Ligand code: SF4
């Protein structure tokens, strides 16, 4: 399925394992995402998470 019509060009993403990912253009298909952290004092990019991630079925 071509997801380009749903791709949000303001949210680039390469997490192809996510249900919301558009692999044609490497964008998220959601209008809005939540980004958070699993650290008490985040200092690196690795400390941040997309909390809108959902696994594929
Ligand atoms: S929800 Fe997060 S991880 Fe999933 S495609 Fe969108 S930006 Fe990427």
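Values computed for the structure shown
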read-out: Taking the stretch 4-50 and dividing mean pair separation by its residue count, relative contact order in percent (alpha carbons under 8 Å, at least six apart); value: 29
read-out: Bins of 10 Å, starting at 0 and running to the largest distance - Cα pair percent for the chain; value: 25, 48, 22, 5, 0
read-out: Peptide ranges 22-33, 2-13 listed from the most packed, as the mean C-beta count within 10 angstrom indicates; value: 22-33, 2-13
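Read the figures in this text as sums done on the coordinates, not as results from a lab. Treat the numbers as computed from the prediction; the structure is a model and nothing was measured. Ideal geometry is used to build each Cβ from the backbone, glycine not excepted, and the neighbour counts take in all protein chains shown.
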